[in-house]
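Everything on this sheet refers to the single structure shown next.
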Amino acid sequence: MRRHFAALLLALLLPAAASAERVVAHVSITSQEMKVYHEGRLLFTWPVSTAKAGKITPAGTFEPEFLSRNHRSRRYNNAPMPFAIFYDGNYAIHGTDQIKRLGKPASHGCVRLDPKNAKILFEMVKAEGMENTRVVIVQ
């Protein structure tokens with residue numbers, strides 16, 4: 001009886017767990033890069049900029065909270081944040097106009113991408129759903 005219950009429970013949970021991670025944006029603070037996976041398959045590796053000295057990019061696993069195609073920062077002089085994917089309060093993955101700084105820490109805590117790459121990720125998240133996307137940030 002117990003084995004049948006465990007098998008049933010596993011069958012009910014597995015599809016939900018698999019669909020919960022259709023898109024994974026995996027950010028390495030150490031290497032200043034993002035790997036984007038779709039259904040477990042690596043599609044892209046892109047340079048990013050995370051927090052500069054004195055600032056923090058929080059590590060952890062997050063689900064996107066909201067999307068903003070043409071966001072502007074109220075905190076930082078109306079700075080453009082195109083294709084923003086907010087994942088932890090005021091933290092977001094977004095495009096930047098400081099492309100030459102990608103690959104080095106340069107942000108106030110957000111994860112910056114080339115706007116072309118930010119658009120690709122934004123459209124993937126929009127198509128697959130925020131509930132099926134994970135942002136994983138590691139040191």
Notebook entry, point to check: Beyond 17 Å, what share of the Cα-Cα pairs of region 21-138 remains, rounded to the nearest whole percent?
Noted result: 48 percent
Next item on the list: Under 1.5 on a/c is rounded, so check that first for region 89-133, then, if it is not, pick prolate when a/b is larger than b/c and oblate when it is not; a ≥ b ≥ c are the square roots of the alpha carbon gyration tensor eigenvalues.
Entry: oblate
Next item on the list: Using the structure shown, list the pairs from 35/126; 52/119; 104/126; 100/126; 55/119; 35/55 with a Cα-Cα distance above 20 Å, or answer none.
Entry: 52/119; 104/126; 100/126; 55/119; 35/55
Margin query: Run through region 25-114 and list the GluC sites (Glu not before Pro) located in a DSSP loop whose Cβ has at most 15 other Cβ atoms within 10 Å.
Written below: 39, 65
Check: List the chymotrypsin sites (Phe, Trp or Tyr not before Pro) in region 72-115 that DSSP assigns to loop (not H, G, I, E or B) and whose Cβ has at most 13 other Cβ atoms within 10 Å. Which are they?
Finding: 76
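Values in this text are rule-based calculations from the coordinates and carry no lab data. Predicted, not measured: the structure shown is a model, and the values here were computed from it. In this analysis, Cβ positions are derived from the backbone assuming ideal geometry, glycine residues included, and neighbour counts consider all displayed protein chains.
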